[in-house]
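Enquirer: A single structure is presented below for examination.
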Amino acid sequence: MAYSYDEAIKRIQQIVSELEQSQALSMDDYQTKAKEAKQLLIFCQKQLTDWEQKMEDVINPS
């Protein structure tokens, strides 16, 4: 799974939409989608943290 930040956000939105629209999703499918969404959220959070650190380094160089 190699996503850019924007691709990861789009995939999270897609998963949420699938979960909201599906009335007959099996527990296994739900668990798989929830796990993927969680991994994508962790990835996005790390990207934002890394970006924030880079901006801090630019604003306040050592």
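Just so it is clear, none of the values below were taken in a lab; they were calculated from the coordinates. What you see is a predicted model; the values in this text were computed from it and never measured. Note: ideal-geometry Cβ built from the backbone for every residue, glycine included; neighbour counts use all protein chains shown.
Enquirer: If the reach is capped at under 16 angstrom between alpha carbons, list the lysines near K46, excluding any in the same chain fewer than eight residues apart.
Expert: K38, K54
Enquirer: Of the listed values (1) 3.9; (2) 5.5; (3) 5.0, grab the one calculated as mean projected area of the Cα convex hull in nm² from the structure here.
Expert: The value computed from this structure is option (3).
Enquirer: What whole-number distance in Å separates the alpha-carbon centres of segment 4-38 and segment 45-62?
Expert: About 29 Å separates the Cα centre of segment 4-38 from the one of segment 45-62.
Enquirer: Could you rank the peptides 31-40, 45-54 by their average count of other C-beta atoms within 10 Å per residue, with the highest value first? Intermediate results must be reported in sequence, preceding the final value.
Expert: On the way: 31-40: 14.2, 45-54: 11.0.
The peptides rank, most packed first, as 31-40, 45-54.
Enquirer: Hey, what angle do you get for helix 27-59 against the long axis of the chain, alpha-carbon based, 0 to 90 degrees rounded to 10?
Expert: It works out to around 10 degrees.
Enquirer: Given points 7 Å out from each Cα along the Cα-Cβ axis, report the D28 to N60 separation in nanometres with one decimal.
Expert: Each label point lies 7 Å from its Cα, and together they span 5.1 nm.
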